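Novice: Just passing along the structure, written as structure tokens.
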Amino acid sequence: AAVVAGNVLTSQRITDIVLRTFRVVANSYGCMNNFTFGNKLLAFYETIGGGSGAGPAWHGRSGVQCHMTNTRITDVEVVERRYPVLLRQFR
């Protein structure tokens, strides 16, 4: 099977190490978590934000993307319209 999102852990950690070396910002959550589903006809891939570290003049944030992506989560209505799924709960 093909690898999906195989570089996300390595690239996140390398970015954290570089930023920490220069004492620019505290580490992020260290991984770009992914949620995927699909079959031969369709595929869904979503990155899940974890949080970014604090810096000299700002607080860290939770539940945000950092380093490797600048996307936001797909709206529930879009997922339900495009894929054969029904989301029962969304937090």
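The values are calculated or read from the model by the stated rules, or taken from the named source; none is laboratory data. Just so we're clear, the structure is a prediction, and the values are computed from it rather than from any experiment. Please note: Cβ atoms are built from the backbone with ideal geometry, for glycine as well, and neighbour counts cover all protein chains shown. Note: accessible area is taken over every heavy atom of the protein model, side chains too, but ligands, DNA and RNA are not part of it. Shrake-Rupley method; radii C 1.70, N 1.55, O 1.52, S 1.80 Å.
Novice: Taking His59 as the residue in question, decide whether it is of a type outside the set (Lys, Arg), closer than 26 Å to Leu9 by Cα and without any contact (Cβ under 8 Å) to a residue 12 or more places away in the chain. Before the answer, list the steps.
Specialist: Values: of a type outside the set (Lys, Arg): yes; closer than 26 Å to Leu9 by Cα: yes; without any contact (Cβ under 8 Å) to a residue 12 or more places away in the chain: yes.
For His59, the condition - of a type outside the set (Lys, Arg), closer than 26 Å to Leu9 by Cα and without any contact (Cβ under 8 Å) to a residue 12 or more places away in the chain - is met.
Novice: Quick one: Lys40 ticks every box in (1) within 21 Å of Arg91 (Cβ to Cβ); (2) open to solvent by 60 Å² or more (accessible area, probe 1.4 Å) bar one, so which box is it?
Specialist: Every condition holds for Lys40 apart from (1).
Novice: Which of the following residues is free of Cβ contacts under 8 Å to residues at least 24 places away in the same chain, closer than 22 Å to Phe37 by Cβ, open to solvent by 100 Å² or more (accessible area, probe 1.4 Å) and assigned to a helix (DSSP H, G or I): Arg81, Arg72?
Specialist: Values: Arg72 fails: assigned to a helix (DSSP H, G or I).
Of Arg81, Arg72, the one residue that is free of Cβ contacts under 8 Å to residues at least 24 places away in the same chain, closer than 22 Å to Phe37 by Cβ, open to solvent by 100 Å² or more (accessible area, probe 1.4 Å) and assigned to a helix (DSSP H, G or I) is Arg81.
Novice: Kindly indicate whether Tyr29 is open to solvent by 90 Å² or more (accessible area, probe 1.4 Å), within 18 Å of Ile73 (Cα to Cα) and within 11 Å of the chain's Cα centre (by Cα).
Specialist: Judged against the criteria, Tyr29 is not a match.
Novice: Which residue pairs have Cβ atoms closer than 7 Å, lie 6 or more positions apart in sequence or on different chains, and pair a first residue in region 7-25 that is more than 21 Å from His59 (Cβ to Cβ) and of a type outside the set (S, T, N, Q) with a second residue that is open to solvent by 70 Å² or more (accessible area, probe 1.4 Å) and not in a helix (DSSP H, G or I)?
Specialist: Every condition considered, the pairs that remain are Val8/Met68.
Novice: Check off (1) of a type outside the set (Lys, Arg); (2) surrounded by fewer than 10 Cβ atoms within 10 Å (Cβ to Cβ); (3) modelled with pLDDT of 85 or more for Gly53 and give me the number that stays unchecked.
Specialist: Going through the list (1) of a type outside the set (Lys, Arg); (2) surrounded by fewer than 10 Cβ atoms within 10 Å (Cβ to Cβ); (3) modelled with pLDDT of 85 or more, Gly53 breaks only (2).
Novice: Output the qualifying pairs, or none if there are none: Cβ atoms under 6 angstrom, residues six or more apart or on different chains, first residue in region 27-52 and over 14 Å from Gly63 (Cβ atoms), second residue modelled with pLDDT of 85 or more and surrounded by 14 or more Cβ atoms within 10 Å (Cβ to Cβ).
Specialist: Sorted first by the residue in region 27-52, then by its partner, the pairs are Asn27/Asp16; Asn27/Gly53; Phe44/Tyr83.
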